[in-house]
Amino acid sequence: MKNMNYRSYIIHVKKGYEDRERSIVEQFNHLDMPYEWVLDYDIIDLDQEVLSHYKYHGDKLSPAEISCSMKHIAAWERIAAGDGEGAFVIEDDVLIDLKRFKELTSAAIKEFRAESRTIGSISLGDGCAMYVPWTKVKKGQMLYPAEQVRATDSYWLTRETAAMRLNWIKGHGFRLPADHLINKIDNELAIPLFWMAPTVVTQGSHTGRFASQIQSWDRGELKEKVKWLVKKFRRKYLYPLLGVDSRLLGEDLRRDLKI
């Protein structure tokens, strides 16, 4: 585990989120893992030349959503251009389980590689309070096939997967927020997507620790933490009893993504 040197690409904004920067630095110093900031494509950088280069053709995304999607694309560019087997993509509001992150992600990647896979992505966190149903979790198994990402706060992907996503962008452009963009690309290209169980990352913007970059309203930390815990309990423990499996794409989302 000490030698797990997969690089992490941290989605971040150059100015205005210094609390998140401090949090990332502290966490990665503790983990003793290599990382680098993805500072490309802040809102201020989104001129028509940049948007045309990546063939953005939407009309519903906010500037913050466009910026977020393009930062993920920039991370894929670095991964595809590198020589590593794969890498982590991490958004700057994450709260990492520092005690278990390296051990459990190492085991998950080992399970991924056991099938001689070169294409695929692993969702690491509990974004949007989405979990593998506890009724379907099996002893000794960490990876569970899914039709959608939980969120884009934390995932591992192979270099080949990054290249495939970029080739898709080159041909189609984009119009979707980062999570839905990944859903569309991976479903169309049959890129395997897995959820890890147990999870090892939580989004601080969900718990109220950090203000959201995407959503603009003011949120109190205590209120948001209570809302998050209620949502988490409902989705983690009650949904499986009702037969709900959040790994599956709903019909409305399928129609919206045209897949």
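The values are calculated or read from the model by the stated rules, or taken from the named source; none is laboratory data. Small disclaimer: the values here were computed from a predicted structure and weren't measured. FYI the Cβ positions are ideal-geometry reconstructions off the backbone, even for glycines, and counts take in every protein chain you see.
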Problem set entry | Answer residue from the stretch 1-14, given it is farther than 16 Å from Ser154 by Cβ and modelled with pLDDT of 95 or more and is surrounded by the most Cβ atoms within 10 Å (Cβ to Cβ) among those | Val13
Exercise. Among the listed residues Phe210, Phe194, which satisfies the condition of being under 30 Å from Lys139 (Cβ atoms) and either modelled with pLDDT of 95 or more or not in a strand (DSSP E or B) (or both)?
Worked result: Phe194
Seminar exercise, completed: Counted residues in the stretch 23-65 being of a type in the set (Gly, Ala, Ser) and farther than 30 Å from Thr202 by Cα come to 1
Exercise. Condition test on Ser67, is it under 17 Å from the mean Cα position of the chain (by Cα), under 17 Å from Val94 (Cα atoms) and surrounded by 13 or more Cβ atoms within 10 Å (Cβ to Cβ)?
Worked result: no
Exercise. Quick one: Val149 ticks every box in (1) assigned to a loop (DSSP other than H, G, I, E, B); (2) in contact with a helix residue (DSSP H, G or I) (Cβ under 7 Å, 6 or more places away or on another chain); (3) farther than 18 Å from Gly86 by Cβ bar one, so which box is it?
Worked result: (3)
Exercise. Do we find a residue being farther than 22 Å from Lys184 by Cβ, modelled with pLDDT of 95 or more and surrounded by 16 or more Cβ atoms within 10 Å (Cβ to Cβ) anywhere in the stretch 134-142?
Worked result: yes
Problem set entry | Residue that is farthest from Pro34 (Cα to Cα), among those in the stretch 83-104 that are small (Gly, Ala, Ser) and either at pLDDT 95 or above or outside any loop (DSSP other than H, G, I, E, B) (or both) | Gly86
Seminar exercise, completed: Residues in the stretch 1-43 that are closer than 17 Å to Arg78 by Cα and basic (Lys, Arg) total 1
For this session: Check off (1) in contact with a strand residue (DSSP E or B) (Cβ under 9 Å, 6 or more places away or on another chain); (2) buried (at least 17 other Cβ atoms within 10 Å of the Cβ) for Asp42 and give me the number that stays unchecked.
Result: (1)
